[in-house]
Amino acid sequence: MKTFIVIPCYNEAEHLAKVIAAVKPYGQVVLVDDGSTDQSFNIAKNCGVIVLRHLVNRGMGAALETGDSYAFKHGADVVVHFDADGQHLAEEIPRVIEPISQGKVDVVLGSRFLDPGNNVPFLKKLLILKPAILFQNLLLGVKLTDAHNGFRALSYAALSKIKITQDEFAHATEIIELIKAHNLRYQEVPVTVKYHEFGQGFSTGLKILKDLFFGKINR
Amino acid sequence: MNYLPLQIIVSLFVLLVIFRLSRKFKDSILKTSEFIGWLVIWAVVLVAFWLPNTASYLALLVGIGRGVDLAVYSAILIIFYLIFRLYLKHDKQQQQITKIIRHLALKEEDEKKPQ
């Protein structure tokens with residue numbers, strides 16, 4: 001299994017070296033530096049992984065798509081999306097790609113709510129995540145237990161279908177939408193999410209709604 | 001009522017705009033359809049200022065009391081429409097920028113390979 005681990009990164013110099021070292025044993029790391037203004041790019045280069053650089057910041061969705069395009073071009077069997085801020089656990093990568101390597105599904109989505117050990121901050125859960133999950137499930141007609149979790153895996157077949165056009169955070173909803181549109185087989189797998197900070201706040205949530213709305217009109 | 005000073009100021013302004021539009025049209029910056037569209041809009045402004053009764057007549061026709069109100073309502077509608085169009089255009093340009101940035105990122109990596 002040719003596994004590519006795509007890590008979008010924007011000003012993550014603090015955690016980056018540790019994150020790369022942790023995921024390296026699990027596949028070919030493709031780090032997409034999304035126009036960072038700190039030392040992220042140099043740190044990544046020194047780690048001896050493939051580093052793609054966006055000259056200017058284009059957003060997380062754009063960075064993921066750049067990494068996906070690279071992996072697709074280089075014949076990846078499976079691509080793992082992994083956050084650069086150290087909130088995911090590298091040792092869970094085998095668990096996330098397992099359903100794909102067994103040929104059961106095309107897409108695996110990490111869910112922080114399937115793992116009872118996760119301490120999701122109460123306010124974030126109540127005000128942001130739960131409404132987002134409800135919105136996503138109602139809008140797209142899916143039954144998922146999590147939304148906007150950056151830990152996921154795509155098979156080559158899924159990669160050929162899923163082209164992210166939402167440059168920023170709305171990409172997470174777009175991916176689910178494309179899974180549905182192309183009738184890809186998918187499954188959720190429990191993953192751990194460690195919280196360093198509040199992450200995406202309420203205003204990001206509103207921006208995602210706006211991006212989704214205009215993304216629909218502007219095809 | 002004496003509208004004269006305002007009418008002259010507005011007319012001069014409209015003339016200036018039309019002059020600039022025609023220059024842009026000559027330099028092929030504006031398409032014929034766009035040029036005509038803008039001419040019509042500014043002609044309407046001229047008519048509204050020189051023959052205020054026309055606006056009042058049209059206003060009554062669509063059920064609005066005064067000509068001035070009709071002008072304000074239509075102006076707001078047009079402005080919202082233009083903002084909407086601008087927004088979509090902006091969004092499209094953002095997508096194009098992303099495409100270029102992605103292309104450059106992938107090209108840079110590919111060019112490194114042979115060494």
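Among the residues in the stretch A:75-98, are any in a loop (DSSP other than H, G, I, E, B) and more than 21 Å from A:ALA22 (Cβ to Cβ)?
Here is the first cut: in the stretch A:75-98, the residues in a loop (DSSP other than H, G, I, E, B) are A:75-77, A:82-89.
Among the residues that remain, those that are also more than 21 Å from A:ALA22 (Cβ to Cβ) are: A:75, A:77.
Yes, because at least one residue in the stretch A:75-98 is in a loop (DSSP other than H, G, I, E, B) and more than 21 Å from A:ALA22 (Cβ to Cβ).
Quick check: is even one residue across the stretch A:117-128 surrounded by 15 or more Cβ atoms within 10 Å (Cβ to Cβ), closer than 25 Å to A:GLU98 by Cβ and out of contact with any Gly (no Cβ under 7 Å at 6 or more places or on another chain)? First the steps, then the outcome.
Here is the first cut: in the stretch A:117-128, the residues surrounded by 15 or more Cβ atoms within 10 Å (Cβ to Cβ) are A:118, A:120, A:124-125, A:128.
Now narrow it down to the ones that are closer than 25 Å to A:GLU98 by Cβ: A:118, A:120.
Narrowing the set further to residues that are out of contact with any Gly (no Cβ under 7 Å at 6 or more places or on another chain) leaves A:118, A:120.
So far as the stretch A:117-128 goes, yes, one or more of its residues are surrounded by 15 or more Cβ atoms within 10 Å (Cβ to Cβ), closer than 25 Å to A:GLU98 by Cβ and out of contact with any Gly (no Cβ under 7 Å at 6 or more places or on another chain).
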Query - Which listed residue, of A:ALA132, A:ALA147, A:ALA158, is touching a Gly at 6+ places or on another chain (Cβ under 7 Å) and either of a type in the set (Gly, Ala, Ser) or closer than 20 Å to A:VAL96 by Cα (or both) - result: A:ALA132
Query raised in the report: Of all the residues that make up the stretch B:1-40, how many are surrounded by 12 or more Cβ atoms within 10 Å (Cβ to Cβ) and in contact (Cβ under 8 Å) with a residue 24 or more places away in the chain?
Result: 6
Report task. Select, from A:ARG53, A:ARG58, the only residue that is within 13 Å of chain B (Cβ to nearest Cβ), within 17 Å of A:LEU16 (Cβ to Cβ), in contact with a helix residue (DSSP H, G or I) (Cβ under 6 Å, 6 or more places away or on another chain) and not in a helix (DSSP H, G or I). Result -> A:ARG53
Query raised in the report: Where in the stretch A:106-219 are there helices (runs of 4 or more DSSP H), lying fully within it, with 1 or more residues that are over 30 Å from B:LEU88 (Cα atoms)?
Result: A:130-140, A:156-161
Report task. Taking A:VAL120 as meeting all but one of (1) within 30 Å of A:HIS54 (Cα to Cα); (2) at pLDDT below 85; (3) among the hydrophobic types (A, V, I, L, M, F, W, C), write down the number of the exception. Result -> (1)
Report task. Working carefully through the options A:PRO8, A:PRO25, find the one that is surrounded by 23 or more Cβ atoms within 10 Å (Cβ to Cβ), at negative phi and of a type outside the set (A, V, I, L, M, F, W, C). Result -> A:PRO8
Query raised in the report: Could you say whether any residue in the stretch B:52-63 is in a helix (DSSP H, G or I), more than 14 Å from chain A (Cβ to nearest Cβ) and in contact (Cβ under 8 Å) with a residue 24 or more places away in the chain?
Result: yes
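The values are calculated or read from the model by the stated rules, or taken from the named source; none is laboratory data. Since this is a predicted model, take the numbers as computed values, not measurements. Glycine gets a Cβ as well: all are built from the backbone with ideal geometry, and neighbour counts include every protein chain shown.
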